[in-house]
1. Going by Cα centres, the stretch 233-256 and the stretch 502-546 are how many Å apart?
2. Report the net charge of residues surrounding residue 141, where surrounding means a beta-carbon distance below 14 angstrom and charges are Lys +1, Arg +1, Asp -1, Glu -1.
3. Given the stretch 409-564 reduced to its alpha-carbon atoms as identical point scatterers, what log10 I(q)/I(0) does the Debye formula return at q = 0.08, 0.15, 0.16 Å⁻¹?
4. Summing Lys, Arg as +1 and Asp, Glu as -1, what charge do residues with Cβ under 15 Å from the Cβ of residue 529 carry, residue 529 excluded?
5. Output the Cα-based Rg and Dmax of the stretch 569-685 in Å, rounding Rg to one decimal and Dmax to a whole number.
6. When the Cα centres of the stretch 430-490 and the stretch 547-576 are compared, how far apart do they sit, in Å?
7. May I ask you to evaluate 6.51 cos²θ - 1.76 cosθ + 1.60, the Karplus curve with θ = phi - 60°, for each residue of the stretch 374-389 and list the ³J(HN,Hα) values in order in whole Hz, giving x for glycine and proline?
8. With all protein chains present, how much of the accessible area of the stretch 437-527 (probe radius 1.4 Å) comes from carbon and sulfur, to the nearest whole percent?
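The values are calculated or read from the model by the stated rules, or taken from the named source; none is laboratory data. Please read all numbers here as calculations on a predicted model, not as lab measurements. We place every Cβ from the backbone using ideal geometry, glycine too, and count neighbours over all the protein chains shown. The protein model used for the area step is the full one, side chains on, heavy atoms only, and it has no ligands, DNA or RNA in it. Shrake-Rupley method; radii C 1.70, N 1.55, O 1.52, S 1.80 Å.
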Amino acid sequence: MANTAHLFRRQSSRDLNGSHRDYTKTLDELELKRLKEKLVRAESLGGRTLYGATNQAFISDDVLTSRHHNKPPSLLDIFEDPQPSISAPLQPPVEPLQDDNIIADEAQGDERESWDSKMTFILATIGYAVGLGNVWRFPYLAQKNGGGAFLVPYWIMLFIQGLPIFFLELAIGQRLRKGAIGVWNEVSPYLGGIGISSAIVSFIVALYYNTIIGWCLIYLFHSFENPLPWSECPVHLNPNMTYYYEKECNDSSPTQYYWYRSTLMSSPSVNEPEQFNFPIGIALIVAWTLIYLCMVQGITESGKVVYITAIFPYVVLIIFFFRGITLKGATDGIAHLFTPKWEILLDPVVWLEAGTQVFFSLGLAFGGLIAFSSYNPANNNCFRDALLVSFTNCGTSMFAGVVVFSIIGFKATAAYDACVERNDTKNEKCDLQAELSNSASGTGLAFIIFTEAINQFPGKQLWAVLFFLMLFTLGIDSQFGTLEGVISSLVDMKLFPNLPKEKITLILCVSCGALSITFANGAGSYIFQLMDSFAGSYTLLIIAFFECVGVSYVYGLRRFADDIELMTGSRPHIYWMLCWKYISPIAMLTILIASIYNLLVNGSSYPVWNPELGITEDKEWPHWCIFLACCLIGVSVLWIPVVALGRLFGIVIVEDSDPAWFPTAELRDVNGIVPHDPTEFEQAIFCFQPDGSEGMCCPTFISNPEEVLQEDE
């Protein structure tokens, strides 16, 4: 400081106008440097390094000056007299007080957890987005819908639907700094139901999604056995002391028999649950216990778990990639994946399934992304994060597709060679393409096809452990994000104001564990398919549609663009604004209508295991299942109109809360933000008005518009 003062005294002996200009420039540089350091430095609060909202570096000077009277002079105060006298030389600004205890006390008023580093956030978000669907659902849909031709609608849907909504959720969560319920209630009290719907959908999906983790634990436990239990059919002893193999297993295969009969204990239909499945029941309890232990410390501690759960699957996929491409027939499988059947693009179902795959693989509308981003610093570049995570997710899907189809090619080639050998004594028609086309199917892709391929590997126990440990980590980090959307919403709603977050997490996991016992019976896998087909699809489309409407027509697209410019330093491209206001809502509405139409016309069915024939057969859902599906959809999305109607009649369902602190002035100064004048194109397309209003934009129900006017000034 002494050197700086000496510099100012030396400048004051020069020409007055020149010194004034030099001093102004020096002050601006110092002030800018101070603000940048304030926005990026990592301080210690309570002995713990924080990265986001409660970081001391993000406590505004306004907090200090409102309760303490040591306010430093601003640039406006210093230069209020444009002609300073020589007898009163200019003095450098006084540094603001940085009392750690004072700032820490102020931070405790609205404390919110923070990521301990940017890398933790990125890995947690990638782990949330990259899940089990990348490993089996994408390869299955690609094989089913024209191979390489499927990639065309897949990437188109990514750019008009996936990326824009992913960017929107990260940005709105980071700006308003709350969970899904708090965010949408702050956008408008009439839209608070969007957050409740997201929380309920997240709860339902987490409930049945954990069943897959339980299945993975069962297979992982048995992967240490020698021989592997799915490597050969069970052997029975006849009364005459001779042995015979299980007929049902011989009619199908050891892997299919172990999956449907030993693991799932599949019943003849969803109406016949039959016996209780103790292994799955125990696995579900263990899975929920592990999830609770990982989440109980909150993101600042359990976030470190993602370094393992997000990275390990890529290590295993790379190992399987190099192993897979060296197998006989791997090139045939990969060629089958990428060989396009262009005529299939004329089928609207292909576009429908491409859109839903992009939508659900990115984890949109669950509230998890909003909760994750709310723990970020105010100046985090959410646009860069959206691009990084989205392209990582889609790249993982394609890479997993190559790995899967290299193994499918190996399996199909082995079956084809066996057919050729048998053809010496039997008149069989051997077709490699038919073997490739019939190799992929839903969950069976992981628990049947992969296990069948692993049976052919040397050191099969090692490969089995690696594969199912990979599936477990893929599932558990996606579960973190899904449950975080529920927990953050419960905290923001203050439904349990006297309970700490750790106890809320315990209550949630215990209740989910008790309800998940529903899947531990012979019909459990059918209930799983019912919830996955209805509760995890239509509801998310409806929620995401209202999210776009809420941001573009209620919060205000221009206001949202201004917020992003404050946080990232650059205004969002006109393309993203077009997607938020027009393209994405239209695409989601089209997919939703097409899905409902296809359901009404073609109906819906589920695969049932036929033990007599050793195959799966499709059966129509009974009426009670359709009613249950409608209830699951209704209990989720009806909160959107219920909350709005309640507000209209004076019934408050979601309590209002004070806006979270946001360093608007600091970000504006650091990034050099100036008011944006709408272009002629923006005025024509988005109805932006020169006076700052926005056409086709509902009122945002701001309680104190004078504060907003003062902030803008």
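1. What the calculation gives is 37 Å, centre to centre.
2. Details: positive: 137, 144, 341; negative: 347, 353.
Here the charged neighbours net out to +1.
3. The Cα Debye sum returns log10 ratios of -0.49, -1.10, -1.16.
4. Values: positive: 137, 619; negative: 532, 617, 618, 620.
Local charge sum for residue 529: -2.
5. Computed over the Cα atoms of the stretch 569-685, radius of gyration and Dmax are 24.4, 74 Å.
6. Cα centroid to Cα centroid, the span is 39 Å.
7. 5, 8, 8, x, 5, 9, 5, 7, 5, 5, 5, 5, 4, 5, 4, 5
8. Working: 2000 of 3000 Å².
Here it works out to 67 percent.
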